[in-house]
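Just so it is clear, none of the values below were taken in a lab; they were calculated from the coordinates. Keep in mind that this is a model prediction, so the values were computed, not measured.
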Amino acid sequence: MTYELAEGVVFTRLPFGGGVLVEGATLALAECTESQAVVVQDLLGSPETKPEDGFARDLLESGWLVERKDVR
């Protein structure tokens, strides 16, 4: 299973470490520590990564990340 950012969500790594998720329509913001930003990148970049981390599950449950629909 692979994951992607929800529609309208942008993830940006910050130059001093960590990252930020921003939802464009509402300007909702979620700040990430460096270790959390690594979790987000791993989920977005690898089909083998599973959302076992509590932070990853929170992102999925709150709608920042969604399961990728396979296009065939």
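When the Gaussian network model of the chain links Cα atoms closer than 10 Å, the mean-square fluctuations of G18, G45, G54 top out at G54. For the chain, the Stokes-Einstein estimate of translational diffusion at 20 °C and a viscosity of 1.002 mPa s comes to 174 µm²/s, using the Kirkwood hydrodynamic radius over alpha-carbon pairs.
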